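Peer 1: Mind having a look at this structure? Questions to follow.
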């Protein structure tokens, strides 16, 4: 077969194969429509429907109560706070990993990955062991004579943030590592050659390069923290109610509309914080 | 010669502290699980395996473990098949709306787990479905599909499409070229996606919380219950077993693809 005959045939083949490949999208899309899109639509309809049409009364009622408003404020404070702390701690670790030698790099990544793949429940439990009144931190504080009686740590905001940062920190490290892994090393070297101080290089080269990674880190951590359930439940409980807990409690109390309203408010709050962060940073990069 | 740099030293120290802080819970749980003491304590007076023996006779744990493994297996298999199809369609199809399909397939990742759980619950009530096992498997498959598709799209980005043409020239049909040439070449990516899918299902509580039943109660839900009931160090032993199992799975994934690629992708 000569090349002149083969070429149009390959062309035709490619067109038909492109179609065949496109058809592969049908089963996953159909499954996700039934198992994901339709259920999501049902939740949102429940939140805005009444027998004779649409209504905002459920949402208005939710925001009319102090409990509802407190849950929204708590959820935002929790998500934003966890996001910021994780960025502050995640940046140095991501940077150090990106600049390590190949072997050290693998070890550091595994050590960062392992907690990520460990159940939130296990970590929440460990933080409880650490912070409870006869726990390890209190024993240490008393052994060193820093305090006389156990300090109350568990079921406080301290426990909540310690636990949340512990759970979500790897999500902040990996995006920073990903953006710095490929770029910046040569720029830093160039800056050093030109007599630039490491502090100057950090603030003028590394941090600007890391900005998209830090933004992704903040968005991922804040969004995840806002929808977390186990960590707030185990470490602070009803003293600091968040929307995910509110949604679950409504479900337990056989209040499907209340659960749907809380879920809708949670989703809008999380998306709102993430898009605000994107606007604030002046970039429009997809998250996750 | 490297110049001493205060900035780099501070960054290094912070990184070290952050890493140590990340690992504290794991080390702590493992240590407590070997403690002979009934209260949660570090093993100061020798080691003991008594909590591991207690795990052996804890029927509720084994039941929950079996449920979790069964559901994770079903969800992983479904997600690998559906996620691979979606990734192939988006990558090779180049049809109008491929970007939309990709965004739709990825969208379960962006939504809070609790919201997905409530959605599944409300929909199942509306359609009169009450089989907890089915609902758990479906819910976990939804979570897992984007993980498989994402990993695979990353592998496909560095895949050389000319080997499909080569296979076709050698007489393969398109379908068999995909099945016998492309799939084996992408096996590491599919495997890694599968590992992530399995872990996501095995670990999930936010969807399970709403659709689990007394008979089909996955391990995370059972563990939350142990903790709320005020557990003894048996829970630490269970956690240790799970940490070790996860580490083994991760090592396998590293062998298959390399964690650096996963982390950067």
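Peer 1: I'm told residue B:32 meets every condition in (1) touching a residue at least 12 places away in the same chain (Cβ under 8 Å); (2) outside any helix (DSSP H, G or I) except one. Can you identify the failing condition by its number?
Peer 2: (2) is the only condition that residue B:32 fails.
Peer 1: Out of A:154, A:136, A:121, report the one residue that is surrounded by 15 or more Cβ atoms within 10 Å (Cβ to Cβ), without any contact (Cβ under 8 Å) to a residue 24 or more places away in the chain and within 31 Å of the chain's Cα centre (by Cα). Explain how you work it out, then say what you get.
Peer 2: Numbers: A:154 fails: without any contact (Cβ under 8 Å) to a residue 24 or more places away in the chain; A:121 fails: without any contact (Cβ under 8 Å) to a residue 24 or more places away in the chain.
Just one listed residue meets the conditions, A:136.
Peer 1: Oh, and also: Name the residues in region B:36-54 that are at pLDDT 85 or above and within 14 Å of chain A (Cβ to nearest Cβ), would you?
Peer 2: Hit for region B:36-54 is B:51, nothing else.
Peer 1: Take residues that are at pLDDT 90 or above and tell me which of the helices (runs of 4 or more DSSP H) falling wholly in region A:54-162 contain 1 or more. Steps first, please.
Peer 2: Details: elements: A:57-64, A:66-99, A:102-116, A:120-131, A:136-143.
The helices (runs of 4 or more DSSP H) meeting that bar are A:57-64, A:66-99, A:102-116, A:120-131.
Peer 1: Which of (1) surrounded by fewer than 20 Cβ atoms within 10 Å (Cβ to Cβ); (2) not assigned by TED's automatic domain parsing to the domain that holds residue A:164 is the odd one out, the single condition residue A:22 does not satisfy?
Peer 2: (1)
Peer 1: Scan region B:191-220 residue by residue and report those that are touching a residue at least 60 places away in the same chain (Cβ under 8 Å) and surrounded by fewer than 21 Cβ atoms within 10 Å (Cβ to Cβ).
Peer 2: The answer is B:191, B:213, B:215, B:217.
Peer 1: Related question: For residue B:21, indicate whether it is facing chain A (nearest Cβ under 7 Å) and either surrounded by fewer than 16 Cβ atoms within 10 Å (Cβ to Cβ) or at pLDDT below 85 (or both).
Peer 2: Details: facing chain A (nearest Cβ under 7 Å): yes; either surrounded by fewer than 16 Cβ atoms within 10 Å (Cβ to Cβ) or at pLDDT below 85 (or both): no.
So residue B:21 does not fit the description; no.
Peer 1: Same structure again: Would you mind telling me which numbered condition in (1) more than 11 Å from chain A (Cβ to nearest Cβ); (2) part of a helix (DSSP H, G or I); (3) within 26 Å of residue A:114 (Cβ to Cβ); (4) in contact (Cβ under 8 Å) with a residue 12 or more places away in the chain residue B:77 fails?
Peer 2: For residue B:77, the failing item is (4).
Peer 1: Here are B:101, B:30: which of them is closer than 30 Å to residue B:238 by Cβ and within 13 Å of another protein chain (Cβ to nearest Cβ)? Don't jump to the end; show me each part of the working.
Peer 2: Numbers: B:101 fails: closer than 30 Å to residue B:238 by Cβ.
Only one candidate passes the filter, namely B:30.
Peer 1: Here is a list: A:262, A:247. Which entry is buried (at least 16 other Cβ atoms within 10 Å of the Cβ), free of Cβ contacts under 8 Å to residues at least 24 places away in the same chain, over 26 Å from residue A:92 (Cα atoms) and in contact with a helix residue (DSSP H, G or I) (Cβ under 6 Å, 6 or more places away or on another chain)? Walk me through how you get there before you give the answer.
Peer 2: Working: A:262 fails: free of Cβ contacts under 8 Å to residues at least 24 places away in the same chain.
The conditions single out A:247.
Peer 1: Among the residues of region A:36-52, what is the count of those that are over 23 Å from residue B:103 (Cβ atoms) and either in a helix (DSSP H, G or I) or under 29 Å from the mean Cα position of the chain (by Cα) (or both)?
Peer 2: Residues of region A:36-52 that are over 23 Å from residue B:103 (Cβ atoms), as a first pass: A:46-52.
Next, only the ones that are either in a helix (DSSP H, G or I) or under 29 Å from the mean Cα position of the chain (by Cα) (or both) stay: A:46-48.
Result for region A:36-52: 3.
Peer 1: Scan region A:26-35 and tell me whether some residue there is closer than 23 Å to residue A:173 by Cα, over 25 Å from the mean Cα position of the chain (by Cα) and more than 9 Å from chain B (Cβ to nearest Cβ).
Peer 2: no
Peer 1: Same structure, new question: Can you confirm whether region B:167-183 contains a residue that is in a helix (DSSP H, G or I), surrounded by fewer than 23 Cβ atoms within 10 Å (Cβ to Cβ), within 21 Å of the chain's Cα centre (by Cα) and at pLDDT 85 or above?
Peer 2: no
Peer 1: Something else about it: Listed residues A:228, A:222; which is at pLDDT 90 or above, closer than 29 Å to residue A:278 by Cα and assigned to a loop (DSSP other than H, G, I, E, B)? Before you say what the answer is, go through the steps one by one.
Peer 2: On the way: A:222 fails: assigned to a loop (DSSP other than H, G, I, E, B).
Every option except A:228 fails the conditions.
Peer 1: Hey, does region B:109-123 have a residue that's part of a loop (DSSP other than H, G, I, E, B), in contact (Cβ under 8 Å) with a residue 12 or more places away in the chain and at the interface with chain A (Cβ under 7 Å from one of its Cβ atoms)?
Peer 2: Of all residues in region B:109-123, those part of a loop (DSSP other than H, G, I, E, B) come to B:111-112.
Now drop any that are not in contact (Cβ under 8 Å) with a residue 12 or more places away in the chain, which leaves B:112.
The next check asks that each one be at the interface with chain A (Cβ under 7 Å from one of its Cβ atoms); those that pass are B:112.
Yes, region B:109-123 has at least one match.
Peer 1: Something else: In region B:190-224, what residues are more than 10 Å from chain A (Cβ to nearest Cβ) and in a loop (DSSP other than H, G, I, E, B)?
Peer 2: Answer for region B:190-224, where residues must be more than 10 Å from chain A (Cβ to nearest Cβ) and in a loop (DSSP other than H, G, I, E, B): B:207, B:212, B:213, B:214, B:215, B:216, B:217, B:218.
Peer 1: In this structure, does residue B:139 turn out to be more than 7 Å from chain A (Cβ to nearest Cβ), at pLDDT 90 or above and under 13 Å from residue A:39 (Cα atoms)?
Peer 2: For residue B:139, the condition - more than 7 Å from chain A (Cβ to nearest Cβ), at pLDDT 90 or above and under 13 Å from residue A:39 (Cα atoms) - is met.
Conditions (1) under 14 Å from residue A:217 (Cβ atoms); (2) in contact with a strand residue (DSSP E or B) (Cβ under 7 Å, 6 or more places away or on another chain); (3) without any contact (Cβ under 8 Å) to a residue 24 or more places away in the chain, marked per residue:
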{"residue": "A:163", "(1), (2), (3)": "no, no, no"}
{"residue": "A:166", "(1), (2), (3)": "no, no, no"}
{"residue": "A:171", "(1), (2), (3)": "yes, no, no"}
{"residue": "A:193", "(1), (2), (3)": "no, no, yes"}
{"residue": "A:203", "(1), (2), (3)": "no, no, yes"}
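Peer 1: Given the conditions (1) within 12 Å of chain A (Cβ to nearest Cβ); (2) touching a helix residue (DSSP H, G or I) at 6+ places or on another chain (Cβ under 8 Å); (3) not in a helix (DSSP H, G or I), which single one is not true for residue B:230?
Peer 2: Condition (2) is where residue B:230 drops out.
Peer 1: What are the residues in region A:231-244 that are buried (at least 16 other Cβ atoms within 10 Å of the Cβ) and either without any contact (Cβ under 8 Å) to a residue 60 or more places away in the chain or assigned to a helix (DSSP H, G or I) (or both), if any? It would help to see each step written out before you state the result.
Peer 2: Filtering region A:231-244 down to residues buried (at least 16 other Cβ atoms within 10 Å of the Cβ) leaves A:231-236, A:240-244.
Matches in region A:231-244: A:231, A:232, A:233, A:234, A:235, A:243, A:244.
The values are calculated or read from the model by the stated rules, or taken from the named source; none is laboratory data. Remember, it's a predicted structure, so these values are computed and weren't measured experimentally. With ideal geometry, Cβ positions are generated from the backbone for all residues, glycine too; neighbour counts draw on all protein chains shown.
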